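Notes follow the structure.
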Amino acid sequence: MNCIISSMGISSLCKALILLELILLPLFASSDTKTLHESSDSSSFPANFLFGTASSSYQFEGAYLSDGKGLSNWDVHTHKPGNIIDGSNGDIAVDQYHRYLEDIDLMASLGVNSYRFSMSWARILPKGRFGGVNMAGISYYNKLINALLLKGIQPFVSLTYFDVPQELEDRYGGFLSPKSQEDFGYYVDICFKYFGDRVKYWATFNEPNFQAIYGYRVGEYPPKRCSKPFGNCSHGDSEREPFIAAHNIILAHATAVDIYRTKYQREQRGSIGIVMNCMWYEPISNSTANKLAVERAHAFFLRWFLDPIIFGRYPEEMKEVLGSTLPEFSRNDMNKLRKGLDFIGMNHYTSYYVQDCILSVCEPGKGSTRTEGSSLLTQEKDGVPIGKPSEVDWLHVYPQGMEKMVTYVKERYNNTPMIITENGYSQVSNSNGNIEEFLHDTGRVEYMSGYLDALLTAMKKGADVRGYFAWSFLDNFEWTFGYTRRFGLYHVDYTTMKRTPRLSATWYKEFIARYKVDKSQM
Ligand SMILES: O=C(/C=C/c1ccc(O)cc1)O[C@@H]1O[C@H](CO)[C@@H](O)[C@H](O)[C@H]1O
(Lines give C-alpha, C1' and ligand atoms only; values in the text may rest on other atoms or scores of the structure.)
Protein backbone atom coordinates (compact mmCIF):
# COMPACT_ATOMS: atom_id res chain seq x y z
CA MET A 1 0.00 0.00 0.00
CA ASN A 2 1.07 3.56 -0.58
CA CYS A 3 1.42 5.94 2.32
CA ILE A 4 0.20 9.31 1.18
CA ILE A 5 1.57 12.15 3.22
CA SER A 6 -0.95 14.97 3.08
CA SER A 7 -0.77 18.36 4.71
CA MET A 8 -2.68 16.71 7.56
CA GLY A 9 0.21 14.34 8.27
CA ILE A 10 0.53 10.57 7.87
CA SER A 11 -2.30 8.23 8.80
CA SER A 12 -1.70 6.10 11.88
CA LEU A 13 -1.83 2.88 9.84
CA CYS A 14 0.92 4.27 7.66
CA LYS A 15 2.90 5.24 10.73
CA ALA A 16 2.65 1.67 11.99
CA LEU A 17 3.76 0.33 8.60
CA ILE A 18 6.69 2.69 8.40
CA LEU A 19 7.72 1.72 11.92
CA LEU A 20 7.52 -1.97 11.01
CA GLU A 21 9.65 -1.31 7.94
CA LEU A 22 12.20 0.54 10.01
CA ILE A 23 12.50 -2.44 12.35
CA LEU A 24 12.70 -4.99 9.55
CA LEU A 25 14.91 -3.02 7.17
CA PRO A 26 18.22 -3.52 9.01
CA LEU A 27 17.62 -7.30 9.05
CA PHE A 28 17.32 -7.39 5.28
CA ALA A 29 20.13 -4.93 4.80
CA SER A 30 22.64 -7.09 6.67
CA SER A 31 21.74 -10.24 4.76
CA ASP A 32 22.06 -8.15 1.57
CA THR A 33 25.70 -7.39 2.03
CA LYS A 34 26.49 -11.05 2.79
CA THR A 35 25.30 -12.17 -0.61
CA LEU A 36 26.33 -9.26 -2.76
CA HIS A 37 25.62 -11.10 -5.97
CA GLU A 38 21.95 -11.74 -5.30
CA SER A 39 21.17 -8.63 -3.39
CA SER A 40 19.20 -6.61 -5.92
CA ASP A 41 15.88 -7.40 -7.45
CA SER A 42 16.59 -6.73 -11.13
CA SER A 43 13.71 -8.88 -12.37
CA SER A 44 11.19 -6.31 -11.09
CA PHE A 45 12.34 -3.58 -13.47
CA PRO A 46 9.87 -3.08 -16.34
CA ALA A 47 10.38 -4.43 -19.86
CA ASN A 48 12.29 -2.06 -22.15
CA PHE A 49 14.08 -0.48 -19.21
CA LEU A 50 17.41 0.99 -20.31
CA PHE A 51 20.36 -0.47 -18.45
CA GLY A 52 23.55 1.22 -19.54
CA THR A 53 26.84 2.83 -18.71
CA ALA A 54 27.70 6.50 -19.15
CA SER A 55 30.63 8.55 -20.45
CA SER A 56 31.45 11.91 -22.01
CA SER A 57 33.57 13.13 -24.90
CA TYR A 58 36.21 15.13 -23.00
CA GLN A 59 36.59 12.50 -20.28
CA PHE A 60 36.88 9.57 -22.74
CA GLU A 61 37.77 10.35 -26.34
CA GLY A 62 41.25 11.83 -26.34
CA ALA A 63 42.38 12.52 -29.94
CA TYR A 64 42.05 16.19 -29.05
CA LEU A 65 43.49 17.47 -32.32
CA SER A 66 42.91 14.49 -34.60
CA ASP A 67 41.12 14.60 -37.93
CA GLY A 68 40.27 18.27 -37.89
CA LYS A 69 38.85 18.64 -34.38
CA GLY A 70 38.89 22.22 -33.06
CA LEU A 71 40.01 23.24 -29.57
CA SER A 72 37.38 23.13 -26.86
CA ASN A 73 37.19 25.30 -23.75
CA TRP A 74 38.38 22.27 -21.72
CA ASP A 75 41.41 21.71 -23.99
CA VAL A 76 42.44 25.29 -23.30
CA HIS A 77 41.63 25.13 -19.58
CA THR A 78 43.55 21.92 -18.82
CA HIS A 79 46.61 23.17 -20.67
CA LYS A 80 47.03 26.06 -18.23
CA PRO A 81 49.18 25.08 -15.24
CA GLY A 82 47.42 24.88 -11.88
CA ASN A 83 43.91 24.12 -13.09
CA ILE A 84 44.00 20.32 -12.69
CA ILE A 85 45.31 18.81 -9.44
CA ASP A 86 47.63 16.24 -11.05
CA GLY A 87 48.61 18.52 -13.95
CA SER A 88 46.94 16.16 -16.42
CA ASN A 89 44.53 16.77 -19.31
CA GLY A 90 42.20 14.94 -21.70
CA ASP A 91 44.55 15.00 -24.73
CA ILE A 92 44.50 11.21 -24.75
CA ALA A 93 42.03 10.47 -21.93
CA VAL A 94 41.15 6.77 -22.30
CA ASP A 95 41.59 6.96 -26.07
CA GLN A 96 38.04 5.87 -26.86
CA TYR A 97 38.33 7.64 -30.23
CA HIS A 98 40.69 4.87 -31.35
CA ARG A 99 39.39 2.04 -29.15
CA TYR A 100 35.63 2.33 -29.57
CA LEU A 101 35.29 -1.11 -31.18
CA GLU A 102 37.08 -2.82 -28.31
CA ASP A 103 34.97 -0.79 -25.86
CA ILE A 104 31.73 -1.77 -27.57
CA ASP A 105 32.77 -5.42 -27.29
CA LEU A 106 33.20 -4.93 -23.56
CA MET A 107 29.76 -3.34 -23.33
CA ALA A 108 28.25 -6.20 -25.28
CA SER A 109 29.82 -8.64 -22.83
CA LEU A 110 28.28 -6.66 -19.96
CA GLY A 111 24.88 -7.09 -21.59
CA VAL A 112 23.87 -3.42 -21.43
CA ASN A 113 21.18 -2.30 -23.89
CA SER A 114 22.26 1.36 -23.99
CA TYR A 115 25.37 3.55 -23.95
CA ARG A 116 25.32 7.18 -22.91
CA PHE A 117 28.08 9.21 -24.56
CA SER A 118 28.44 12.81 -25.63
CA MET A 119 29.34 14.38 -28.93
CA SER A 120 32.20 16.81 -28.93
CA TRP A 121 30.83 20.02 -30.43
CA ALA A 122 34.33 21.11 -31.49
CA ARG A 123 34.86 17.79 -33.30
CA ILE A 124 31.75 18.41 -35.40
CA LEU A 125 32.01 22.19 -35.73
CA PRO A 126 35.62 23.19 -34.95
CA LYS A 127 34.70 26.89 -35.08
CA GLY A 128 31.04 26.71 -34.17
CA ARG A 129 28.81 28.26 -36.82
CA PHE A 130 31.73 30.46 -37.95
CA GLY A 131 33.28 27.61 -39.94
CA GLY A 132 32.40 24.41 -41.76
CA VAL A 133 31.27 20.97 -40.64
CA ASN A 134 34.18 18.60 -39.96
CA MET A 135 33.14 15.51 -41.91
CA ALA A 136 35.75 13.37 -40.16
CA GLY A 137 33.96 14.11 -36.89
CA ILE A 138 30.60 13.16 -38.41
CA SER A 139 32.17 9.98 -39.68
CA TYR A 140 33.53 9.05 -36.21
CA TYR A 141 30.11 9.34 -34.56
CA ASN A 142 28.48 7.48 -37.45
CA LYS A 143 30.88 4.59 -36.95
CA LEU A 144 30.34 4.63 -33.19
CA ILE A 145 26.54 4.68 -33.51
CA ASN A 146 26.47 1.95 -36.14
CA ALA A 147 28.79 -0.32 -34.18
CA LEU A 148 26.63 0.10 -31.06
CA LEU A 149 23.42 -0.68 -32.94
CA LEU A 150 25.01 -3.76 -34.47
CA LYS A 151 25.38 -5.13 -30.93
CA GLY A 152 21.86 -4.13 -29.92
CA ILE A 153 23.04 -1.16 -27.84
CA GLN A 154 20.93 2.01 -28.08
CA PRO A 155 22.94 5.22 -28.37
CA PHE A 156 21.91 7.82 -25.75
CA VAL A 157 23.52 11.08 -26.84
CA SER A 158 24.40 14.11 -24.75
CA LEU A 159 24.70 16.92 -27.30
CA THR A 160 27.09 18.81 -25.08
CA TYR A 161 28.81 17.87 -21.86
CA PHE A 162 30.74 20.91 -20.49
CA ASP A 163 32.99 21.07 -23.59
CA VAL A 164 32.21 23.76 -26.19
CA PRO A 165 34.32 25.14 -29.06
CA GLN A 166 36.84 27.66 -27.69
CA GLU A 167 35.93 29.85 -30.67
CA LEU A 168 32.63 30.72 -28.98
CA GLU A 169 34.41 31.84 -25.81
CA ASP A 170 36.88 33.96 -27.79
CA ARG A 171 34.31 35.54 -30.07
CA TYR A 172 31.57 36.51 -27.67
CA GLY A 173 32.13 35.08 -24.19
CA GLY A 174 30.32 31.76 -24.61
CA PHE A 175 27.19 31.32 -22.51
CA LEU A 176 27.38 34.85 -21.15
CA SER A 177 26.12 35.97 -24.55
CA PRO A 178 22.65 35.25 -26.00
CA LYS A 179 24.51 34.45 -29.22
CA SER A 180 25.30 31.05 -27.68
CA GLN A 181 21.63 30.11 -28.13
CA GLU A 182 21.89 30.53 -31.86
CA ASP A 183 25.15 28.62 -32.04
CA PHE A 184 23.70 25.73 -30.07
CA GLY A 185 20.66 25.62 -32.37
CA TYR A 186 22.93 25.55 -35.43
CA TYR A 187 24.95 22.68 -33.92
CA VAL A 188 22.09 20.47 -32.77
CA ASP A 189 20.34 20.82 -36.12
CA ILE A 190 23.41 19.24 -37.72
CA CYS A 191 23.37 16.41 -35.16
CA PHE A 192 19.67 15.67 -35.70
CA LYS A 193 20.17 15.77 -39.46
CA TYR A 194 23.15 13.39 -39.57
CA PHE A 195 22.38 11.03 -36.68
CA GLY A 196 18.68 11.37 -35.85
CA ASP A 197 17.64 8.43 -38.04
CA ARG A 198 19.45 6.16 -35.55
CA VAL A 199 19.65 8.12 -32.27
CA LYS A 200 16.39 7.99 -30.29
CA TYR A 201 17.54 9.65 -27.06
CA TRP A 202 18.93 13.18 -27.02
CA ALA A 203 19.98 15.22 -23.99
CA THR A 204 20.69 18.89 -24.67
CA PHE A 205 22.96 19.70 -21.69
CA ASN A 206 24.66 17.77 -18.93
CA GLU A 207 24.37 19.24 -15.44
CA PRO A 208 24.01 22.88 -16.49
CA ASN A 209 23.41 23.71 -12.80
CA PHE A 210 26.89 22.42 -11.99
CA GLN A 211 28.35 24.03 -15.12
CA ALA A 212 26.97 27.47 -14.22
CA ILE A 213 28.19 27.28 -10.61
CA TYR A 214 31.64 25.83 -11.36
CA GLY A 215 32.27 27.99 -14.42
CA TYR A 216 30.91 31.33 -13.15
CA ARG A 217 30.58 31.27 -9.33
CA VAL A 218 33.49 29.25 -7.94
CA GLY A 219 35.54 29.46 -11.14
CA GLU A 220 36.97 25.96 -11.14
CA TYR A 221 35.71 25.02 -14.61
CA PRO A 222 36.21 27.04 -17.79
CA PRO A 223 35.78 29.92 -18.43
CA LYS A 224 37.09 30.20 -14.86
CA ARG A 225 35.17 33.33 -13.95
CA CYS A 226 34.29 34.34 -10.39
CA SER A 227 34.75 37.06 -7.79
CA LYS A 228 35.67 37.09 -4.10
CA PRO A 229 34.81 35.59 -1.66
CA PHE A 230 33.47 32.78 -3.88
CA GLY A 231 36.76 32.07 -5.59
CA ASN A 232 39.97 33.49 -6.88
CA CYS A 233 39.67 34.50 -10.55
CA SER A 234 41.03 37.32 -12.66
CA HIS A 235 37.59 38.14 -14.11
CA GLY A 236 33.96 37.55 -13.33
CA ASP A 237 31.08 38.32 -11.01
CA SER A 238 29.96 35.37 -8.88
CA GLU A 239 26.74 37.09 -7.85
CA ARG A 240 25.50 37.80 -11.38
CA GLU A 241 27.15 35.73 -14.08
CA PRO A 242 25.93 32.25 -13.03
CA PHE A 243 22.37 33.47 -13.59
CA ILE A 244 23.17 34.97 -17.00
CA ALA A 245 24.92 31.81 -18.20
CA ALA A 246 22.07 29.67 -16.87
CA HIS A 247 19.50 31.86 -18.63
CA ASN A 248 21.25 31.43 -21.98
CA ILE A 249 21.59 27.68 -21.40
CA ILE A 250 17.87 27.36 -20.60
CA LEU A 251 17.02 29.22 -23.82
CA ALA A 252 19.59 27.23 -25.80
CA HIS A 253 17.85 24.08 -24.55
CA ALA A 254 14.49 25.51 -25.63
CA THR A 255 15.93 26.39 -29.05
CA ALA A 256 17.13 22.79 -29.51
CA VAL A 257 13.79 21.31 -28.47
CA ASP A 258 11.99 23.70 -30.80
CA ILE A 259 14.16 22.60 -33.75
CA TYR A 260 13.73 18.92 -32.91
CA ARG A 261 9.96 19.22 -32.54
CA THR A 262 9.41 21.28 -35.70
CA LYS A 263 11.85 19.67 -38.11
CA TYR A 264 12.70 16.14 -36.97
CA GLN A 265 10.69 14.49 -34.24
CA ARG A 266 7.66 13.44 -36.28
CA GLU A 267 9.80 11.49 -38.68
CA GLN A 268 12.62 10.37 -36.40
CA ARG A 269 10.43 9.46 -33.41
CA GLY A 270 13.03 10.03 -30.72
CA SER A 271 12.80 11.91 -27.44
CA ILE A 272 14.68 14.89 -26.09
CA GLY A 273 15.45 15.99 -22.53
CA ILE A 274 18.04 17.61 -20.29
CA VAL A 275 20.31 16.07 -17.65
CA MET A 276 20.47 17.71 -14.22
CA ASN A 277 22.76 17.21 -11.26
CA CYS A 278 20.34 16.11 -8.53
CA MET A 279 21.45 16.22 -4.91
CA TRP A 280 19.08 15.13 -2.18
CA TYR A 281 18.70 17.37 0.86
CA GLU A 282 17.64 16.49 4.41
CA PRO A 283 16.86 19.30 6.86
CA ILE A 284 19.49 19.32 9.58
CA SER A 285 16.67 19.51 12.12
CA ASN A 286 12.89 19.33 11.90
CA SER A 287 12.44 23.07 12.36
CA THR A 288 10.27 24.89 9.84
CA ALA A 289 13.20 27.16 9.00
CA ASN A 290 15.41 24.22 8.02
CA LYS A 291 12.62 22.60 6.01
CA LEU A 292 12.14 25.85 4.09
CA ALA A 293 15.90 25.98 3.57
CA VAL A 294 15.69 22.54 1.91
CA GLU A 295 13.09 23.84 -0.53
CA ARG A 296 15.27 26.89 -1.25
CA ALA A 297 18.23 24.61 -1.91
CA HIS A 298 16.18 22.75 -4.54
CA ALA A 299 14.98 26.07 -5.99
CA PHE A 300 18.53 27.41 -6.37
CA PHE A 301 19.91 24.22 -7.95
CA LEU A 302 17.49 21.83 -9.63
CA ARG A 303 14.37 23.96 -10.05
CA TRP A 304 16.52 26.86 -11.30
CA PHE A 305 16.49 25.06 -14.69
CA LEU A 306 13.54 22.66 -14.56
CA ASP A 307 10.91 25.19 -13.44
CA PRO A 308 11.53 27.47 -16.46
CA ILE A 309 11.73 24.54 -18.87
CA ILE A 310 8.59 22.84 -17.54
CA PHE A 311 6.51 25.71 -16.09
CA GLY A 312 7.93 28.66 -18.06
CA ARG A 313 9.12 30.63 -15.01
CA TYR A 314 11.88 30.82 -12.43
CA PRO A 315 11.16 29.59 -8.86
CA GLU A 316 9.52 32.24 -6.63
CA GLU A 317 12.25 31.65 -4.05
CA MET A 318 14.84 32.86 -6.56
CA LYS A 319 12.85 35.88 -7.73
CA GLU A 320 12.35 37.01 -4.17
CA VAL A 321 16.02 36.96 -3.28
CA LEU A 322 17.62 37.92 -6.58
CA GLY A 323 15.17 40.55 -7.83
CA SER A 324 16.44 42.23 -10.98
CA THR A 325 19.63 40.13 -10.99
CA LEU A 326 17.52 37.27 -12.30
CA PRO A 327 17.04 37.70 -16.07
CA GLU A 328 13.51 37.71 -17.46
CA PHE A 329 11.91 35.70 -20.22
CA SER A 330 10.44 37.67 -23.12
CA ARG A 331 7.14 36.67 -24.70
CA ASN A 332 9.06 35.03 -27.51
CA ASP A 333 11.18 33.07 -25.01
CA MET A 334 8.04 31.90 -23.21
CA ASN A 335 6.64 30.54 -26.45
CA LYS A 336 9.80 28.58 -27.07
CA LEU A 337 9.84 27.28 -23.50
CA ARG A 338 6.35 25.87 -24.00
CA LYS A 339 7.93 23.00 -25.94
CA GLY A 340 9.30 21.66 -22.65
CA LEU A 341 11.00 18.28 -22.77
CA ASP A 342 10.21 14.56 -23.06
CA PHE A 343 12.24 13.27 -20.13
CA ILE A 344 14.23 14.51 -17.17
CA GLY A 345 17.73 13.04 -16.97
CA MET A 346 18.96 12.78 -13.39
CA ASN A 347 22.55 12.42 -12.23
CA HIS A 348 22.28 11.37 -8.61
CA TYR A 349 25.21 10.48 -6.37
CA THR A 350 24.82 11.73 -2.82
CA SER A 351 22.87 13.71 -0.20
CA TYR A 352 23.45 16.67 2.11
CA TYR A 353 22.07 18.15 5.30
CA VAL A 354 20.72 21.67 4.89
CA GLN A 355 20.75 24.42 7.48
CA ASP A 356 18.81 27.66 7.22
CA CYS A 357 20.99 30.80 7.14
CA ILE A 358 18.27 33.44 7.18
CA LEU A 359 17.08 33.11 10.76
CA SER A 360 20.23 31.54 12.14
CA VAL A 361 23.83 32.59 11.69
CA CYS A 362 25.83 30.13 9.56
CA GLU A 363 29.51 29.51 9.22
CA PRO A 364 30.50 30.46 5.66
CA GLY A 365 30.26 27.43 3.37
CA LYS A 366 28.59 25.91 0.36
CA GLY A 367 25.16 27.46 -0.21
CA SER A 368 25.23 29.82 2.75
CA THR A 369 25.22 33.20 0.98
CA ARG A 370 22.11 35.08 -0.12
CA THR A 371 22.70 34.56 -3.84
CA GLU A 372 22.95 30.81 -3.26
CA GLY A 373 19.67 30.68 -1.35
CA SER A 374 21.01 30.97 2.24
CA SER A 375 20.97 27.19 2.66
CA LEU A 376 24.19 25.79 4.06
CA LEU A 377 25.05 22.29 2.78
CA THR A 378 26.98 19.93 5.03
CA GLN A 379 27.40 16.18 5.11
CA GLU A 380 27.61 15.85 8.90
CA LYS A 381 25.25 16.39 11.78
CA ASP A 382 26.79 16.53 15.27
CA GLY A 383 29.92 14.93 13.84
CA VAL A 384 28.02 11.99 12.32
CA PRO A 385 28.15 11.68 8.50
CA ILE A 386 24.86 11.53 6.54
CA GLY A 387 25.85 8.15 5.10
CA LYS A 388 28.86 5.91 4.90
CA PRO A 389 31.80 8.03 3.70
CA SER A 390 33.69 6.92 0.58
CA GLU A 391 37.27 7.70 -0.38
CA VAL A 392 35.99 10.86 -2.10
CA ASP A 393 35.12 13.61 0.36
CA TRP A 394 31.81 14.69 -1.24
CA LEU A 395 30.45 11.21 -1.90
CA HIS A 396 28.57 9.74 1.06
CA VAL A 397 26.53 6.58 0.54
CA TYR A 398 22.88 7.39 1.22
CA PRO A 399 20.70 5.10 -0.94
CA GLN A 400 17.44 6.49 0.52
CA GLY A 401 18.36 9.73 -1.26
CA MET A 402 17.70 8.02 -4.61
CA GLU A 403 14.14 7.09 -3.67
CA LYS A 404 13.45 10.51 -2.18
CA MET A 405 15.00 12.45 -5.09
CA VAL A 406 13.03 10.52 -7.71
CA THR A 407 9.84 10.93 -5.69
CA TYR A 408 10.45 14.67 -5.33
CA VAL A 409 10.90 15.13 -9.10
CA LYS A 410 7.91 12.88 -9.79
CA GLU A 411 5.66 15.00 -7.57
CA ARG A 412 6.92 18.39 -8.65
CA TYR A 413 6.86 17.73 -12.40
CA ASN A 414 3.74 15.61 -12.72
CA ASN A 415 5.58 12.34 -13.21
CA THR A 416 7.40 13.40 -16.37
CA PRO A 417 9.40 10.33 -17.51
CA MET A 418 12.73 10.20 -15.70
CA ILE A 419 16.00 8.51 -16.61
CA ILE A 420 18.83 8.04 -14.12
CA THR A 421 21.58 9.21 -16.45
CA GLU A 422 24.39 8.81 -13.87
CA ASN A 423 24.95 7.10 -10.54
CA GLY A 424 28.29 5.83 -9.36
CA TYR A 425 31.07 5.47 -6.84
CA SER A 426 34.73 6.43 -6.83
CA GLN A 427 38.06 5.16 -5.61
CA VAL A 428 41.02 7.49 -5.15
CA SER A 429 44.37 6.81 -6.76
CA ASN A 430 47.55 8.73 -7.27
CA SER A 431 49.26 6.17 -9.45
CA ASN A 432 48.66 3.05 -11.46
CA GLY A 433 49.87 0.77 -8.66
CA ASN A 434 48.11 -2.00 -6.77
CA ILE A 435 45.54 -2.95 -9.35
CA GLU A 436 44.19 -5.87 -7.27
CA GLU A 437 42.84 -3.52 -4.65
CA PHE A 438 41.12 -1.47 -7.34
CA LEU A 439 39.53 -4.54 -8.92
CA HIS A 440 37.95 -5.83 -5.72
CA ASP A 441 35.52 -2.93 -5.42
CA THR A 442 32.98 -4.21 -2.92
CA GLY A 443 32.23 -0.60 -1.94
CA ARG A 444 30.98 0.11 -5.48
CA VAL A 445 28.90 -3.07 -5.59
CA GLU A 446 27.21 -2.23 -2.29
CA TYR A 447 26.64 1.33 -3.48
CA MET A 448 25.02 0.34 -6.79
CA SER A 449 23.00 -2.44 -5.27
CA GLY A 450 21.63 -0.13 -2.56
CA TYR A 451 20.84 2.72 -4.96
CA LEU A 452 19.17 0.40 -7.49
CA ASP A 453 16.99 -1.07 -4.74
CA ALA A 454 15.98 2.42 -3.63
CA LEU A 455 15.22 3.34 -7.24
CA LEU A 456 12.98 0.30 -7.57
CA THR A 457 11.13 1.25 -4.39
CA ALA A 458 10.33 4.67 -5.89
CA MET A 459 9.18 2.98 -9.11
CA LYS A 460 6.94 0.55 -7.25
CA LYS A 461 5.29 3.59 -5.70
CA GLY A 462 4.56 4.92 -9.18
CA ALA A 463 7.59 6.90 -10.37
CA ASP A 464 7.91 6.70 -14.17
CA VAL A 465 11.61 5.88 -14.52
CA ARG A 466 12.78 4.56 -17.90
CA GLY A 467 16.45 3.80 -17.43
CA TYR A 468 19.60 3.65 -15.31
CA PHE A 469 23.17 4.42 -16.40
CA ALA A 470 26.17 3.59 -14.23
CA TRP A 471 28.84 6.28 -14.03
CA SER A 472 31.09 5.17 -15.34
CA PHE A 473 31.87 2.57 -17.98
CA LEU A 474 35.66 3.04 -17.57
CA ASP A 475 37.98 4.99 -15.28
CA ASN A 476 38.46 8.37 -16.93
CA PHE A 477 39.51 12.02 -16.68
CA GLU A 478 37.63 13.39 -13.65
CA TRP A 479 37.75 17.13 -14.46
CA THR A 480 39.68 19.15 -11.83
CA PHE A 481 40.73 15.89 -10.15
CA GLY A 482 42.48 14.63 -13.29
CA TYR A 483 43.10 10.89 -13.19
CA THR A 484 43.11 10.63 -9.38
CA ARG A 485 39.47 9.55 -9.11
CA ARG A 486 38.41 6.17 -10.48
CA PHE A 487 34.69 5.77 -11.21
CA GLY A 488 34.88 2.86 -13.70
CA LEU A 489 33.23 -0.55 -13.74
CA TYR A 490 36.43 -1.30 -15.67
CA HIS A 491 39.86 -0.32 -14.40
CA VAL A 492 42.07 1.48 -16.92
CA ASP A 493 45.84 1.23 -16.82
CA TYR A 494 46.78 4.69 -18.09
CA THR A 495 50.17 3.55 -19.42
CA THR A 496 48.93 0.68 -21.56
CA MET A 497 45.24 1.74 -21.79
CA LYS A 498 44.33 -1.82 -20.85
CA ARG A 499 40.76 -2.19 -19.55
CA THR A 500 40.15 -4.80 -16.79
CA PRO A 501 36.72 -5.64 -15.36
CA ARG A 502 36.22 -4.96 -11.68
CA LEU A 503 34.03 -7.02 -9.38
CA SER A 504 31.34 -4.38 -9.99
CA ALA A 505 31.40 -5.09 -13.75
CA THR A 506 30.75 -8.77 -13.07
CA TRP A 507 28.06 -7.86 -10.56
CA TYR A 508 26.31 -5.49 -13.00
CA LYS A 509 26.52 -8.10 -15.74
CA GLU A 510 24.78 -10.69 -13.53
CA PHE A 511 22.23 -8.13 -12.41
CA ILE A 512 21.32 -7.36 -16.03
CA ALA A 513 21.36 -11.06 -16.99
CA ARG A 514 18.78 -11.90 -14.29
CA TYR A 515 16.62 -9.06 -15.57
CA LYS A 516 16.84 -10.37 -19.13
CA VAL A 517 15.98 -13.97 -18.20
CA ASP A 518 12.91 -12.76 -16.38
CA LYS A 519 11.77 -10.54 -19.27
CA SER A 520 12.23 -13.26 -21.87
CA GLN A 521 9.86 -15.47 -19.90
CA MET A 522 7.08 -12.90 -20.18
O1 LIG B 1 28.22 15.01 -9.87
C2 LIG B 1 29.25 15.48 -10.29
C3 LIG B 1 30.22 16.20 -9.45
C4 LIG B 1 30.07 16.32 -8.15
C5 LIG B 1 30.98 17.03 -7.28
C6 LIG B 1 32.30 17.32 -7.63
C7 LIG B 1 33.11 18.02 -6.76
C8 LIG B 1 32.64 18.44 -5.54
O9 LIG B 1 33.45 19.13 -4.67
C10 LIG B 1 31.32 18.14 -5.19
C11 LIG B 1 30.52 17.45 -6.06
O12 LIG B 1 29.59 15.43 -11.60
C13 LIG B 1 29.13 14.37 -12.40
O14 LIG B 1 29.57 13.20 -11.85
C15 LIG B 1 30.76 12.52 -12.24
C16 LIG B 1 31.57 12.20 -11.00
O17 LIG B 1 31.94 13.35 -10.31
C18 LIG B 1 31.53 13.27 -13.29
O19 LIG B 1 32.57 12.48 -13.80
C20 LIG B 1 30.54 13.63 -14.36
O21 LIG B 1 31.19 14.11 -15.51
C22 LIG B 1 29.55 14.65 -13.83
O23 LIG B 1 28.41 14.70 -14.69
Selected residue (only one of E295, E328, E267 is charged (D, E, K, R) and within 24 Å of S360 (Cα to Cα)): E295
Residues of region 178-210 satisfying the condition of being of a type outside the set (S, T, N, Q), more than 13 Å from I124 (Cβ to Cβ) and more than 16 Å from the ligand (Cβ to nearest atom): P178, K179, E182, G185, G196, D197, R198, V199, K200, Y201, W202
Subset tally (residues that are in a loop (DSSP other than H, G, I, E, B), within 16 Å of C191 (Cβ to Cβ) and within 16 Å of the ligand (Cβ to nearest atom)) for region 127-171: 5
Among (1) under 22 Å from the mean Cα position of the chain (by Cα); (2) in a loop (DSSP other than H, G, I, E, B) - the single one A122 does not satisfy: (2)
Every residue from region 164-186 that is of a type outside the set (D, E), buried (at least 23 other Cβ atoms within 10 Å of the Cβ) and more than 19 Å from R240 (Cβ to Cβ): V164, P165, Q166, L168, F184
Given (1) farther than 23 Å from V188 by Cα; (2) part of a loop (DSSP other than H, G, I, E, B), number of the condition Y64 does not satisfy: (1)
Residue match in region 437-449 (condition: more than 15 Å from the ligand (Cβ to nearest atom), under 30 Å from H77 (Cα atoms) and at pLDDT below 95): yes
Odd one out for L376 among (1) within 16 Å of the ligand (Cβ to nearest atom); (2) under 20 Å from the mean Cα position of the chain (by Cα): (2)
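Anything in region 382-408 that is in a loop (DSSP other than H, G, I, E, B), among the polar types (S, T, N, Q) and in contact with a helix residue (DSSP H, G or I) (Cβ under 6 Å, 6 or more places away or on another chain)? List them, or say none.
Residues satisfying the conditions do not exist here.
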Per-region count, region 286-307, residues within 16 Å of the ligand (Cβ to nearest atom) and in a loop (DSSP other than H, G, I, E, B): 3
Yes/no for A289 being touching a strand residue (DSSP E or B) at 6+ places or on another chain (Cβ under 7 Å) and either surrounded by 22 or more Cβ atoms within 10 Å (Cβ to Cβ) or not β-branched (V, I, T) (or both): yes
Index of the failed condition, K319 passing every other in (1) in a helix (DSSP H, G or I); (2) under 30 Å from C191 (Cα atoms); (3) basic (K, R): (2)
Within region 477-493, tally of residues that are near the ligand (Cβ under 10 Å from one of its atoms) and either among the hydroxyl-bearing types (S, T, Y) or not in a loop (DSSP other than H, G, I, E, B) (or both): 4
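Would you be able to say whether some residue in region 470-480 is hydroxyl-bearing (S, T, Y) and either more than 21 Å from N113 (Cα to Cα) or surrounded by fewer than 22 Cβ atoms within 10 Å (Cβ to Cβ) (or both)?
Yes - at least one qualifying residue is present in region 470-480.
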Residues located in region 290-312, provided they are of a type outside the set (F, W, Y) and under 18 Å from the mean Cα position of the chain (by Cα): A297, H298, A299, L302, R303, L306, D307, I309
Some residue of region 143-152 being at positive phi and surrounded by fewer than 22 Cβ atoms within 10 Å (Cβ to Cβ): yes
Failed condition for G462, given (1) within 15 Å of the ligand (Cβ to nearest atom); (2) farther than 21 Å from N113 by Cβ; (3) of a type outside the set (S, T, N, Q): (1)
Enumeration of residues in region 333-368 that are free of Cβ contacts under 8 Å to residues at least 40 places away in the same chain and either within 16 Å of the ligand (Cβ to nearest atom) or crowded, with 19+ Cβ neighbours inside 10 Å (or both): G365, K366, S368
Region 347-371, subset touching a Leu at 6+ places or on another chain (Cβ under 7 Å) and assigned to a loop (DSSP other than H, G, I, E, B), residue modelled with the highest pLDDT: C357
Residue within region 95-107 that is more than 23 Å from G270 (Cα to Cα), at pLDDT 95 or above and within 16 Å of the ligand (Cβ to nearest atom) present: yes
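Quick check on this structure: which one of I310, I344 is among the hydrophobic types (A, V, I, L, M, F, W, C), under 19 Å from N277 (Cα atoms) and assigned to a helix (DSSP H, G or I)?
Only one candidate passes the filter, namely I310.
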Options D91, D95, D75, D103; residue that is farther than 16 Å from N206 by Cβ, touching a residue at least 24 places away in the same chain (Cβ under 8 Å), surrounded by fewer than 16 Cβ atoms within 10 Å (Cβ to Cβ) and within 23 Å of the chain's Cα centre (by Cα): D91
Matching residues in region 239-285 - criterion: being within 16 Å of the ligand (Cβ to nearest atom) and either part of a loop (DSSP other than H, G, I, E, B) or hydroxyl-bearing (S, T, Y) (or both): Y281
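Hey, can you tell me all the residues within region 369-419 that are more than 16 Å from A299 (Cβ to Cβ), aliphatic (A, V, I, L, M) and touching a residue at least 12 places away in the same chain (Cβ under 8 Å)?
I386, V392, L395, V397, M402, V406, M418, I419
The values are calculated or read from the model by the stated rules, or taken from the named source; none is laboratory data. All of these numbers come straight from a predicted model, not from anything done at the bench. Reconstructed Cβ throughout: ideal geometry from the backbone, glycine too, with neighbour counts over all protein chains shown.
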